[in-house]
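Trainee: Here it is, the structure in full.
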Amino acid sequence: MIEAWTAPDVRAAEKPLLAAGEPLMSRAAHALAATVLRDVAARRRSLAPGSPPRLRGGLGSDGLPGEAAVRGPGAGRRGAGARGAGARGDVRGARAVLLVGAGNNGGDTLFAGALLARRGLAVTAVLAAPRVHDAGLAALRAAGGRVVSLFDVRVPVVVAEVAEADVVLDGLVGIGAHGVLRPPAGGLVRALADARAALPHGAPRPWVVAVDVPSGIGVDDGTVAGPVLPADRTVTFGALKPGLVLPPAVHLAGIVEVVDLGLGLGDRRVTGGGAPGRSPASGPAVRRLEARDVAALLRVPGPRDHKYTRGVVGVVAGTEAFPGAAVLAVSGAARAGAGMVRYLGPESVGALVLGRRPEVVTTGGRVQSWVLGPGVPADDDAADDQGRRIFGALAAVTGLLSADVTGGAVPAVVDAGAIELVEHRCPPSVVITPHAGELTALMQRLGHGVDRAGVEAEPLRWARAAHEATGATVLLKGSVTVIAGQDGVFAQADGPAWLATAGAGDVLAGLLGTLLASRSADVLARPGLAAELAAAAVLLHGRAAWAVSGGSGDAQARAGAGTGARAGGPVVALDVADALPAAIADVLAGA
Ligand SMILES: NC(=O)C1=CN([C@@H]2O[C@H](COP(=O)(O)OP(=O)(O)OC[C@H]3O[C@@H](n4cnc5c(N)ncnc54)[C@H](O)[C@@H]3O)[C@@H](O)[C@H]2O)[C@@H](O)CC1
Ligand SMILES: Nc1ncnc2c1ncn2[C@@H]1O[C@H](COP(=O)(O)OP(=O)(O)O)[C@@H](O)[C@H]1O
Ligand SMILES: [K+]
């Protein structure tokens, strides 16, 4: 399990250690410097023979070829004692620019800069505040670092200096940031980000290391309200922060590395206030399941099981206009290991479903979960019959009709057109699975004046708002899928961008239906479990998609800075469903 903790939580955990005199800043700076040295050495090693002595010349990409220690958030922790990691390569003469803000984030950066200078790098600190960390500044000066102030030099001069650098350390603000970056730091970052965006693809440019977080992101909510310099790597201290796992900020963090400062977060619950909507002491603000967590959630059948104990999934999906969605949802459910799948819908669609999946049953009966809505447009008269079926199932799962009539409440996946049909408060065992457009429509119907861009800018906020407004668990789809449930938030980043293809969501709905059916009674009894199973479904869906696309490694590393990992190729939704058995087997085998 990957855990992200808010700034107040981190501060609360640091407090007793600082009071006891633990040298946290020194540990942070040493680990930061070691990583920078390693990165710079790796880039220098990648230089072709005969290239000019400057490190960035000739690289031609933002990559770190040959680097061994690429890691995603939580994929591993480095102790603070990783000194000398850069010793394998000669880094003398490399140029480093430090962007230094007023607080301890700037202090970390200055101390790390001093270590870099002592290793032979030419270090320039650009001070973006009238006063910066005194001891850090003194250390840098003593080590031979050069210091310029944004109050004395113009931004274009700094931009030109940065363009000539091999590595930039972004130490403007960390967990003490409030709001968008203020001048002069904001103007500098905007100019640097613009200059970087204007470079042709693959053009040489400096490697950017964010100190703790990319300055300017919403540390606790992942928002990007102002300018931010995209990082190639983020070296974060003590614990992951929510903004390093949540969209859209996660896309600016690059490869994230956690430096263990011994804060003990996760070992115990700290009371730090936390993010809005969270009660104190409620644990990490955001979690991300890993394969081993999913293995523990999956119910593996045993000798006493039969098809009914394994779980029957009822699927109300597809219309004559959109029959494929029924095939995809049913395939997702069947391939994920349902004991039985019942399909309910138009006869012609049922025939298509049976043609593809003869094991499906097309008669009514008891189910342990529902999958409602894929391929059922909310505003289409032809969908009336499907709409009636969905209303019936919703009446059962929301407890609107008595168990005598409905056979009892069971968990449900409410997808696509069915989301528009939710009119009553849901239990958390109902999982609504919108993409950003569908969530926007839902929130507008509930009276919120938000548009799609607003939802995409603040996915955490709107997923939570939808959960609070409907009572349902909300799974907001995207490259990072955000799940807001009764016991908190998950942010899953498991699939390749190739997965953004028609019908992929239908497969996910069916797959999730099966996971809910397999643990139906548990889901009804434990309000937080639906969100965990939803996160598990996203992980399996993403891993199946990677298998189909032919990629390798973890998603963050692949998306990271040209590590040589395979980017994979196109996928189609039905192939993703067909890859689920192997994805599940791999997860259960610990692969
Ligand atoms: N607390 C600790 O024990 C440790 C903290 N560490 C570092 O300390 C950082 C936190 O330090 P601080 O609490 O000093 O806070 P920061 O350094 O993150 O930022 C606070 C400073 O930035 C200014 N600032 C805030 N918002 C701004 C904005 N929008 N635009 C421009 N300037 C802004 C404030 O006026 C203040 O001077 C962490 O991110 C981490 O890098 C590490 O050294 C590890 C140990
Ligand atoms: N850029 C991306 N990277 C990875 N996965 C993505 C990306 N964009 C979308 N996805 C995933 O692809 C699927 C698309 O689902 P959806 O939008 O519902 O499509 P459909 O309705 O056609 O089935 C979701 O699981 C979503 O999380
Ligand atoms: K920073």
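Trainee: Quick one: what do you get for the chain if you divide its Cα Rg by 2.2 N^0.38 Å?
Mentor: 1.04
Trainee: Of the DSSP beta bridges with both residues in the chain, give the percent that are antiparallel, rounding to the nearest 5. Could you put the intermediate results ahead of the total?
Mentor: Numbers: 11 of 63 bridges.
Expressed as a percentage, antiparallel bridges in the chain total about 15.
Trainee: Another question, if that's okay. Between THR362, ALA418, ALA583, whose Cα lies farthest towards the positive end of the dipole of segment 308-588 when Lys and Arg beta carbons carry +1 and Asp and Glu beta carbons carry -1, centred on the Cα centre?
Mentor: Towards the positive end, the residue furthest out is ALA583.
Trainee: Next question, about the same structure. Please report, to two decimal places, log10 I(q)/I(0) for segment 308-588 at q = 0.11, 0.13, 0.15 Å⁻¹ as given by the Debye formula with identical point scatterers on the Cα atoms and no solvent.
Mentor: Normalising to I(0) and taking log10 leaves -0.55, -0.79, -1.06.
Trainee: Sticking with this one: Heads up, I need the accessible area for SER520: 1.4 angstrom probe, whole protein in place, Å², nearest 10.
Mentor: Number for this one is 10 Å².
Trainee: Which ³J(HN,Hα) values in Hz, rounded to whole numbers, follow from the phi angles of segment 193-202 under the Karplus curve 6.51 cos²θ - 1.76 cosθ + 1.60, where θ = phi - 60° and Gly and Pro get x?
Mentor: Karplus values, whole Hz, x for Gly and Pro: 5, 5, 4, 5, 5, 7, 5, x, 4, x.
Trainee: Something else about it: Rounded to the nearest 20 Debye, what is the dipole magnitude of the chain about its Cα centre when Lys and Arg each give +1 and Asp and Glu each give -1 at the C-beta?
Mentor: 2000
Trainee: While we're looking at this one, here's another question. Once neighbouring chains are kept in place and the probe is 1.4 Å, which whole percent of the accessible area of the chain is contributed by carbon and sulfur?
Mentor: 54
Trainee: Using a 1.4 Å probe, how large is the accessible area of LYS15, given in Å² and rounded to the nearest 10?
Mentor: 150
Trainee: Using only Cα atoms, tell me the angle between helix 347-356 and the longest principal axis of the chain; keep it within 0 to 90° and round to the nearest 10.
Mentor: So the helix axis and the longest Cα principal axis differ by about 60 degrees.
Trainee: Keeping all protein chains in position, work out how much accessible area TRP498 exposes to a 1.4 Å probe, and write it in Å² to the nearest 10.
Mentor: For TRP498, the solvent-accessible surface is approximately 100 Å².
Trainee: When the chain is fully extended, how far beyond the present Cα-Cα distance does ARG356 get from THR309, taking 0.36 nm per residue of separation?
Mentor: Net length gain for the segment: 14.5 nm.
Trainee: Please report the antiparallel percentage of the DSSP beta bridges confined to segment 308-588, to the nearest 5.
Mentor: Antiparallel: roughly 30 percent of the beta bridges in segment 308-588.
Trainee: Within segment 286-327, which residues have the backbone N less than 12 Å from the label spot 7 Å out from ALA525 along Cα→beta-carbon, could you tell me?
Mentor: none
Trainee: Then there is this: Of MET443, MET25, MET1, which has the most accessible area with a 1.4 Å probe, and how do the rest follow in descending order?
Mentor: So, going from the largest accessible area down, we get MET1, MET25, MET443.
Trainee: How much length is gained if the chain between HIS201 and ARG92 is pulled fully straight, taking 0.36 nm per residue apart and subtracting their Cα-Cα distance, in nm to one decimal?
Mentor: Full extension from HIS201 to ARG92 adds 36.4 nm.
Trainee: With an 8 Å Cα cut-off and a minimum separation of 6 or more residues, compute the relative contact order for segment 308-588 in percent.
Mentor: Details: 647 pairs, mean separation 57.7, N = 281.
Reported relative contact order: 21 percent.
Trainee: Here's a follow-up. Give the peptides 166-175, 181-190, 338-347, 300-309 in descending order of average Cβ contacts within 10 Å, highest first.
Mentor: Final packing ranking: 166-175, 338-347, 181-190, 300-309.
Trainee: Let me ask another. Taking 0.36 nm per intervening residue step and subtracting the Cα-Cα distance, what contour gain separates LEU400 from ARG452 on full extension? Intermediate values should be presented prior to the final figure.
Mentor: Values: separation 52, 0.36 × 52 = 18.72 nm, distance 3.12 nm.
Extra length from LEU400 to ARG452 when fully extended: 15.6 nm.
Trainee: Counting pairs of alpha carbon atoms under 8 Å apart in space and at least six apart in sequence, what relative contact order in percent does the chain give?
Mentor: Details: 1421 pairs, mean separation 80.8, N = 591.
Rounded, it is 14 percent for the chain.
Trainee: Express the accessible area of the chain per residue in Å², computed with a 1.4 Å probe while the remaining protein chains stay in the model. List each step's numbers first, then the result.
Mentor: On the way: 22520 Å² over 591 residues.
I get 38 Å² per residue for the chain.
The values are calculated or read from the model by the stated rules, or taken from the named source; none is laboratory data. Keep in mind the model is a prediction, meaning the values are calculated, not measured. Reconstructed Cβ throughout: ideal geometry from the backbone, glycine too, with neighbour counts over all protein chains shown. We work out accessible area using only protein heavy atoms, side chains counted, and drop any ligands, DNA or RNA first. Shrake-Rupley method; radii C 1.70, N 1.55, O 1.52, S 1.80 Å.
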